[in-house]
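Novice: One structure, as structure tokens, below. Some questions next.
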4 protein chains.
Amino acid sequence: MGEKKMTIGVLTSGGDAPGMNAAIRAVVRTADNYDYEVIGVRRGYAGLLDEDFCVLDTKSVGDIIQRGGTILYTARSKGMHLLETQVKAAEICRKNGMEALVVIGGDGSYRGALALSKQGINVMGVPGTIDLDIGCTDYTIGFDTSINTVTDAIDKLRDTSASHERCVIVEVMGRSAGYIALWSGIAGGAEEIILPESYDHNEQAIIDNLIERRKHGKKHHIIVNAEGIGHSASMAARIEAATGIETRATILGYMQRGGSPTCKDRVYASAMGAKAVELIHEGKKNRAVCHMNGVFTDEDLETAINMTKNLPDDLVNLSKNLIRRRSL
Amino acid sequence: MGEKKMTIGVLTSGGDAPGMNAAIRAVVRTADNYDYEVIGVRRGYAGLLDEDFCVLDTKSVGDIIQRGGTILYTARSKGMHLLETQVKAAEICRKNGMEALVVIGGDGSYRGALALSKQGINVMGVPGTIDLDIGCTDYTIGFDTSINTVTDAIDKLRDTSASHERCVIVEVMGRSAGYIALWSGIAGGAEEIILPESYDHNEQAIIDNLIERRKHGKKHHIIVNAEGIGHSASMAARIEAATGIETRATILGYMQRGGSPTCKDRVYASAMGAKAVELIHEGKKNRAVCHMNGVFTDEDLETAINMTKNLPDDLVNLSKNLIRRRSL
Amino acid sequence: MGEKKMTIGVLTSGGDAPGMNAAIRAVVRTADNYDYEVIGVRRGYAGLLDEDFCVLDTKSVGDIIQRGGTILYTARSKGMHLLETQVKAAEICRKNGMEALVVIGGDGSYRGALALSKQGINVMGVPGTIDLDIGCTDYTIGFDTSINTVTDAIDKLRDTSASHERCVIVEVMGRSAGYIALWSGIAGGAEEIILPESYDHNEQAIIDNLIERRKHGKKHHIIVNAEGIGHSASMAARIEAATGIETRATILGYMQRGGSPTCKDRVYASAMGAKAVELIHEGKKNRAVCHMNGVFTDEDLETAINMTKNLPDDLVNLSKNLIRRRSL
Amino acid sequence: MGEKKMTIGVLTSGGDAPGMNAAIRAVVRTADNYDYEVIGVRRGYAGLLDEDFCVLDTKSVGDIIQRGGTILYTARSKGMHLLETQVKAAEICRKNGMEALVVIGGDGSYRGALALSKQGINVMGVPGTIDLDIGCTDYTIGFDTSINTVTDAIDKLRDTSASHERCVIVEVMGRSAGYIALWSGIAGGAEEIILPESYDHNEQAIIDNLIERRKHGKKHHIIVNAEGIGHSASMAARIEAATGIETRATILGYMQRGGSPTCKDRVYASAMGAKAVELIHEGKKNRAVCHMNGVFTDEDLETAINMTKNLPDDLVNLSKNLIRRRSL
């Protein structure tokens, strides 16, 4: 094998997302093409601080592209907001010869990465979160799988909701962002999509809609409720009390993070993992890998962290227009 | 077309189950082979009392074998415990020329069917419930689909549970019976399966097991909890408090009732729907269609209702033996 | 209801694609919001010429968003290259008061649409094909579902290929375009992806790679072969003869066109169907709905038809880089 | 750990089947409960002869229950019909201290096992084949997953077959047995199911049926053809020539062997793997694990091999009755 030309670290941090393994595999295989060594850091920043490392070669990332979760495990990045922890983490990187570190995770993970970069480590951010709530990119690893998991669940709920002429509330993940709710709500043909970005807490309007639709013979009634609003069980109880229509909540929970990644999540995660290594190879410093305007690109990490984005107006309007007069 | 030789009614009652449509289709097509007419009764006994009927021919049951839910809708059988309701329901059957009625549903539906039979209607019971809790049969329509839905969900939860070294409680349906929990727990490789039939409410033992397994390096920890025990969210909070391991509950809810039926549910439901009509054709009265000892058979309806069954000892023992010393 | 303000026709043409129903539903519901009437044309241009029509209202497109295929049926557009057929088709549109026609289909369908537009009919093209081979757009309805179907199949084939240390050739659709092969090959972790755009018919190189990888302990060997190259069965026979490694072909065929559409195909197809009607509402003439540079947009239909595109270089390179030194 | 009380070998042989991993896991964990050591034999009898072994403990079979294929690999049992090979295999077992050997496979594998038993090795057969063609048991590992894979494929083909008013031939596995064709044909609502056990090669009858059904407005036409009959591509060509209806063949091939096992396959395979070890523990010799008349049981291996079975009459009749007058 001989001496490797450079050593790169890779870690997954924050909530896990389907496709992270595809990204890890692409980091390792792209690095191998340049004859770089890859150190896998287990359990995110916590594992970095504990020096919980493994060597990753092309064989060790075989047969993982189709697996959910992350072979490197992940953990919330506690402590990385403290300067002394940041200094220690950077020292560990240097001690182990990591000339660059690829961080696959969400915005919390990016803040940790930025802090590390301030301590002199070259860090590349790869957007890994099912929530899609990273400002600099219109794609994040895991979102596509997640919305398909939710859509499948809504399809199942629609069967039984129609059979029983029942109302069902599906609570979906996304933290304070409504992307999962919006996409899966449109795809599931939901009668209501409650988004944290726009909900005015007018539950009476939801109840009135439900009664109106039932009058027109609509058999099923599906409400997609975002995690950022929550309280689906009590909402169900109130709606049932007000309408007399049996109403139940389903909390999909962490199953939205799991499962074999979709084709898109595998391909995009692979492209992004590879791009992170290409950027290192090109001598770039502290970049966030992005997908914007239809192309894979990159952005300064600090700039990227400060970018914000909103739910796309066209899809928000679409969701209203497809539902508005439905069946009436 | 000409005069039909007999008229049969068919209804689905109680909780809907995947495969009910396959059973309806088989009732209609088998009846058609004998030149019998089939009246579809919508919304179970409630629809029978409202005379909410439709004529079903072989064409109207085309392309439904793969659909979840029930094209006839279903409803809980309120009121059917009252003699006057039973008398009225029987009169409606007679008035509409229904010489026999096929009831697809669970044990509540069977009791309604028995009551109708006492009023002179020839009733055939077909076991339709995801819960598998009907004493006279080792198969009920929908169970197989339901346990696959839960197994898929556990597979997804295992991905993320392992990635985060987290504990997950999955609450599954089955009312007071543990069949869904037992089967999906074995198939999902769950570390604990909490069954209503045997749980001693010793939560400390669950906690001790969790701590012990974590010591031995077990990354994921999945607890399958049956609906009959419930309270998964508060159980999760207590386990997290006692162990320091992040623990969350997923409530799968009604999605366990939905989805395209599995191959087995389609084939068995078809066989049972066909058998109900064969029994009518043979002049049998008030039978429950069953699957026992590996064959499709039938039983006197009243006898069937009084039969009980227990979780199979072999599978209960298997679940313990496969888990007991795991990873230790 | 009263007089409708305008009448729009909608048809699906060419090969069917999952998501076409979502597009039809969006056309109808968006039209309904503007108080336009929608005539559904069955079996594409053939049905247009036969005046095989149905009225579509918001109710008739209920519960179709999750269905594969197309409720309007489709057919190849035979005869539409003849001027007299084009003139007749335009006359039928006028006779039936169709002020605009939405054509959901591939490039053959677009050529028919352009011909109709020359005869004075306002035509809107919506890109519906699993092949992704329409020059003016980076998204076509059905592609996303199709690549997930193929990826699932490759995952299954990998299981058994690895267990038997066997070589498997998967032949995938896409006509003369390699998009499905490229995406599903990357996602499936295929060892070879044979693309019509670049294949040099050097089968010996494929054989040498296979022998080389087997030497290094690679258990499975999956070759994705595009329809445009074909002859997978004879290729399998030659590879087995040359290597002594058992090699079999799987021809997925039309199942790549079926299945419940993915979340993305439902959302994008909905957005595109809605946009077609918006364009009509805005008074635009003869446009092709596109998705380019990350946004939904539109293009002059004739210009659109003359646009070409190539396989994306970045993904082609990615596919080579992830495979090249794999496991060696 | 200390001295183990006994050493057991386990191998998978013949075609792989989903659920084999669940069986291996159950062998290992049940053995561990009795403090027996388990040697995994790779690549079936070929690996036994090569002494390609690994030690399996409870940890090494963690997280495999959901995986398709077999972690032990498999191979056809070439050479095991020769006495000298049988003698050598038995010597290798003895030399390595294997007091018993669990063989998971089909009837070819059972014959190899019987030969070994004649050489003094205690052998337990566990039925692992997707074909269901083992006489002594009504369940074999992998059949349930396989028929669901085929049913899903037929569902997808039905979408596009209906949209195009096309005829589709699906060729399914099963060697000379029609179980997969029969079950998936019923579940898929196929218009024809061609079974090796009963096909009279009257293709004209198939063609006449197709023409008759099309006359009555049937949109799709699906023919399930068993591997034992084969030649689906040429059959499609002849049918298209005779009817003028576009007809295509899909050859599902080895994907029927892959995929994550269904809940039933995981539970039954676990029960059977565990039972094999229980039988060894009880001092039984040379048994075949079976599922008959609704219970897990066992049979003398030699007797088991000589048992035959037929397609179940009730399901064969059901398949005819559900199709016969359909849509007419």
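Novice: By average Cβ neighbour count within 10 Å, what is the ranking of A:79-91, C:303-315 from highest down?
Specialist: A:79-91, C:303-315
Novice: Okay, moving on. Which value does Rg/Rh take for segment D:146-257 over its C-alpha atoms, Rh per Kirkwood?
Specialist: Rg/Rh: 0.93.
Novice: Jot down the radius of gyration and Dmax of segment D:108-202, Cα atoms only, both in angstrom.
Specialist: Rg, Dmax (Cα atoms, Å): 17.3, 61.
Novice: Could I ask something else about it? What is the distance in Å between the Cα centres of segment A:187-228 and segment C:14-41?
Specialist: Using only Cα atoms, the two centres lie 23 Å from each other.
Novice: Further, regarding this structure: Roughly how large, in nm² to one decimal, is the mean projection of the convex hull of the alpha-carbon atoms in chain D?
Specialist: Its Cα hull, projected and averaged over all orientations, spans 17.0 nm².
Novice: Calculate how many DSSP beta bridges within chain A are antiparallel, expressed in % of all such bridges and rounded to the nearest 5.
Specialist: On the way: 10 of 43 bridges.
Of all bridge pairs located within chain A, approximately 25 percent are antiparallel.
Novice: Among C:VAL102, C:ASN286, C:SER270, pick out the residue whose Cα is farthest towards the positive end of the charge dipole of chain C, where Lys and Arg carry +1 and Asp and Glu carry -1 on C-beta, about the Cα centre.
Specialist: Highest projection toward the positive end goes to C:SER270.
Novice: For A:ASN202 and A:VAL295, what is the calculated FRET efficiency with R₀ set at 60 Å and r taken between the beta-carbons, to the nearest 0.05?
Specialist: Step by step, r from the Cβ atoms, then E = 0.90.
Novice: With a 10 Å cut-off between alpha carbons and a GNM built on chain A, which of A:ILE251, A:ILE134, A:ILE180 moves the most?
Specialist: Comparing A:ILE251, A:ILE134, A:ILE180 in a Gaussian network model of chain A, the most mobile one is A:ILE251.
Novice: Here's something else I'd like to know. Other chains' Cβ within 10 Å of D:67-75 residues: what's the mean?
Specialist: Per residue, the number of nearby Cβ atoms from other chains is 5 on average.
Novice: If amide hydrogens are placed 1.01 Å from N in the peptide plane, which non-local residues have theirs closer than 5 Å to the one on D:GLU37?
Specialist: HN-HN under 5 Å from D:GLU37: D:LYS5, D:MET6, D:THR7, D:ILE8.
Novice: What are the ³J(HN,Hα) couplings of segment B:204-218, residue after residue, when phi is run through the Karplus curve with 6.51, -1.76, 1.60 and θ = phi - 60°? Round to Hz, x for glycine and proline.
Specialist: Rounded to whole hertz, the list is 4, 5, 4, 5, 4, 4, 4, 5, 4, 5, 4, 4, 8, x, 5.
Novice: Determine the relative contact order of chain B: mean sequence separation of Cα pairs under 8 Å and six or more apart, normalised by residue count, in whole percent.
Specialist: Worked out over chain B, it gives 22 percent.
Novice: Quick one: which residues, 5+ away or cross-chain, put their amide H under 5 Å from the amide H of D:ILE141? H built at 1.01 Å from N.
Specialist: D:GLY128, D:THR129
Novice: Using each residue's phi in segment A:26-39, evaluate 6.51 cos²θ - 1.76 cosθ + 1.60 at θ = phi - 60° and report the 3J(HN,Hα) Karplus result to the nearest Hz, with x for Gly and Pro.
Specialist: 5, 4, 5, 6, 5, 4, 4, 5, 9, 6, 9, 8, 10, 9
Novice: How large is ³J(HN,Hα), in whole Hz, for each residue of segment D:182-193 in order, when computed from phi with the Karplus curve 6.51 cos²θ - 1.76 cosθ + 1.60 and θ = phi - 60°, using x for Gly and Pro?
Specialist: These are the phi-based 3J(HN,Hα) values: 5, 5, 6, x, 4, 5, x, x, 5, 7, 9, 10 Hz.
Novice: Let me ask another. Using only alpha carbon pairs under 8 Å that are at least six residues apart, calculate the relative contact order of segment D:146-257 and give it in whole percent.
Specialist: Rounded, it is 41 percent for segment D:146-257.
Novice: Rank B:GLY120, B:THR70, B:ILE245 by how far each Cα sits towards the positive end of the charge dipole of chain B (+1 on Lys, Arg Cβ; -1 on Asp, Glu Cβ) and give me just the farthest.
Specialist: Looking along the dipole axis, the top candidate is B:ILE245.
Novice: Here is a follow-up. Relative to the Cα centre, what is the charge dipole magnitude of chain B, using +1 at the beta carbon of each Lys and Arg, -1 at the beta carbon of each Asp and Glu, and rounding to the nearest 20 debye?
Specialist: Roughly 440 debye, rounded to the nearest 20.
Novice: A further question follows. Only Lys, Arg, Asp and Glu count, each charged at its Cβ (+1, +1, -1, -1), so figure out the dipole size of segment B:144-257 about its Cα centre, rounded to 20 debye.
Specialist: Approximately 260 debye in magnitude.
Novice: In addition: If we restrict to alpha carbons, what Rg and Dmax does the protein assembly as shown come to, in Å?
Specialist: That works out to 30.3, 91 Å for Rg and Dmax.
Novice: Over segment B:64-139, what lengths in whole Å, largest first, do the semi-axes of the equivalent ellipsoid take, defined as the square roots of 5 times the eigenvalues of the alpha-carbon gyration tensor?
Specialist: Output for segment B:64-139: semi-axes of 22, 15, 12 Å.
Novice: Which semi-axes, in whole Å and largest first, does the equivalent ellipsoid of segment C:1-114 have when worked out from the alpha carbon gyration tensor as the square roots of 5 times its eigenvalues?
Specialist: 22, 18, 10
Novice: Once you have a ≥ b ≥ c as the square roots of the Cα gyration tensor eigenvalues for segment B:108-159, tell me rounded if a/c is under 1.5, and otherwise prolate or oblate according to whether a/b is larger than b/c.
Specialist: Here segment B:108-159 falls in the prolate category.
Novice: What is the ratio of the Cα radius of gyration of segment A:193-234 to 2.2 N^0.38 Å, with N the residue count, to two decimals?
Specialist: Relative to the rule-of-thumb radius for its length, segment A:193-234 sits at 1.24.
Novice: In addition: From the P(r) of segment A:185-328, can you give the percent of Cα pairs sitting at distances over 18 Å?
Specialist: Result for the distance tail: 69 percent.
Novice: A further question on this structure: With +1 on each Lys and Arg Cβ and -1 on each Asp and Glu Cβ, how big is the dipole of segment A:248-328 about its Cα centre, in debye rounded to the nearest 20?
Specialist: The dipole of segment A:248-328 has a size of about 680 debye.
Novice: On to the next question. Using the Cα gyration tensor of segment C:1-62, with a ≥ b ≥ c the square roots of its eigenvalues, what is the shape: rounded (a/c below 1.5), prolate (a/b larger than b/c) or oblate (neither)?
Specialist: The shape class here is oblate.
Novice: Let me ask something else about it. Report, by chain and number, residues whose modeled amide H sits under 5 Å from the one on D:TYR73, excluding near sequence neighbours (fewer than 5 apart, same chain).
Specialist: Under 5 Å from the amide H of D:TYR73 lie the amide H atoms of D:ARG43, each far enough along the sequence or on another chain.
Novice: Which loop-located GluC sites (Glu not before Pro) does segment D:162-270 contain, where loop means any DSSP state but H, G, I, E or B and the Cβ has at most 16 other Cβ atoms within 10 Å?
Specialist: Listed in order of number, the matching sites are D:GLU197, D:GLU246.
Novice: Estimate the FRET efficiency between C:GLU3 and B:ASP35 by the formula 1/(1 + (r/R0)^6), using the beta-carbon distance for r and 56 Å for R0, to the nearest 0.05.
Specialist: Once rounded, the FRET efficiency stands at 0.70.
Novice: Pull out a ≥ b ≥ c, the square roots of the eigenvalues of the alpha-carbon gyration tensor of segment C:27-185, then state rounded if a/c is under 1.5, prolate if not and a/b is larger than b/c, and oblate in the remaining case.
Specialist: It is prolate, given that a/c is not under 1.5 and a/b is the larger ratio.
Novice: To continue, here is another question. Per residue of B:139-151, how many C-beta atoms from partner chains lie within 10 Å of its own C-beta, taken as a mean? Before the final figure, lay out each step's value.
Specialist: Values: counts 1, 0, 0, 0, 1, 5, 2, 1, 5, 6, 4, 1, 9.
Mean inter-chain Cβ contacts per residue within 10 Å come to 3.
Novice: How crowded by other chains is C:264-270, given as the mean number of beta carbons from other chains within 10 Å of each beta carbon?
Specialist: Mean number of neighbouring Cβ atoms from other chains: 6.
Novice: At R0 = 35 Å, how high is the FRET efficiency between C:LYS88 and B:SER60 if r is their beta carbon distance? Nearest 0.05 is fine.
Specialist: Using R0 = 35 Å, I get an efficiency of 0.45.
A short reminder: the numbers here are calculations on the coordinates, not readings from a lab. All of these numbers come straight from a predicted model, not from anything done at the bench. Here Cβ is always computed from backbone atoms with ideal geometry, including for glycine, and neighbour counts include all displayed protein chains.
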